[in-house]
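The values are calculated or read from the model by the stated rules, or taken from the named source; none is laboratory data. Since the structure is predicted, the reported quantities are computational estimates derived from the model, not experimental observations. Cβ placement follows ideal geometry from the backbone for every residue including glycine, while neighbour counts extend to all protein chains displayed. Keep in mind that these areas ignore ligands, DNA and RNA; they rest on the heavy atoms of the full protein, side chains included. Shrake-Rupley method; radii C 1.70, N 1.55, O 1.52, S 1.80 Å.
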Amino acid sequence: PDAAPGFREVVDRYFGACAELSDDLATHMVEGLRLHVRAKIGTDHDGGGECGVQDGSGNGGGPDERSCNFLKRLRENHSSYLRMNHYPPCPPGADPGTLGISPHTDAGFLTILLQDDGCHSLQVPIGAKGAWTTVVPTPGALTINTGDMAQVFSGGIFRAPPHRVLTNGTFDRYSAPFFYNPPYDEMVAVSHVAAGAEQRMYHPILWGYFRAVRFAGDLTDWGVDEIQVDHFHTAEEKKDGGRKVEDRLGDGRHVVRQKTFRERAKF
């Protein structure tokens, strides 16, 4: 736009830099996961080598190449997007607890967030009681958040933290989150890197389906719960005298629906 000459070029460069940083972070997350599992279940565990941590090639060796290939697909075909948010000041007289964004987890693999140094409104639950605590950004630094797909990939070892944004009665707030997401046709599953140390097990999740249904939950009001990774949690599928219990979570309905979605979608 005429009001912001060079805006597109700057945003394009920033998007590319975020993608490169995300790939680096994801690669080291996988390596950290491998070291964590090795320390937990024994030094003989080898979750697939270093996946190119040293040179960024994504072609690391080891018996489990699948996690390395997952990183390669993330790098080459990610469906990431950069969003620019503006939160105007809350009108006078509004409830002090009025939210700009309700509590949620990020759907993708990880998020790089450029926060507003002058207006601190992002909050996460801290401690046993989950008290909402403001995240005060470090000037010149980025805030990194793990997403739902990282939680699934790690078998629950990485956790996607709930977070929310408060409104501010005085200041405008600006933020720019970059969401690093898998390819739309990617079936995100618990990695063999986490084998033996998983905290939760999940059915494979078709990212394109999960993203589409999460968007639908964000933008519509169907009177149903927003899709969560717990809907794919295998431990929720239990029997009661031979009869399957249709729980609110893990009832398998999304596992079935995503098959139809994959057949009809043209990625």
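Values as computed for the structure displayed
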| quantity | calculated |
| --- | --- |
| Summed side-chain charge close to Thr143 - residues other than Thr143 whose Cβ falls under 13 Å, Lys, Arg +1, Asp, Glu -1 | -3 |
| Sulfur and carbon atoms: percent of accessible area, segment 74-132 [1.4 Å] | 58 |
| Segment 126-183 and segment 80-116: distance between their alpha carbon centers, rounded to Å | 10 |
| 14 Å tail of the calculated P(r), segment 88-164, as % of Cα pairs | 68 |
| Phe261 - accessible surface, heavy atoms, 1.4 Å probe, Å² rounded to 10 | 60 |
| Net charge contributed by nearby residues that have their C-beta within less than 14 Å of Asp172 (K/R +1, D/E -1) | -1 |
| Where His203, His254, His192 fall by accessible area, highest first, once all protein chains stay in place (1.4 Å) | His192, His203, His254 |
| Cα-Cα P(r), segment 72-130, percent of pairs per 5 Å interval | 4, 10, 19, 22, 17, 13, 10, 4, 2, 1, 0 |
| Directionally averaged projected area (convex hull, Cα atoms, segment 70-212), nm² | 10.0 |
| Label-point gap, in nm, between Phe7 and Ser102 - each point 7 angstrom along Cα→Cβ | 3.0 |
| Relative contact order (percent, whole number), segment 65-221, Cα cutoff 8 Å, 6+ residue spacing | 33 |
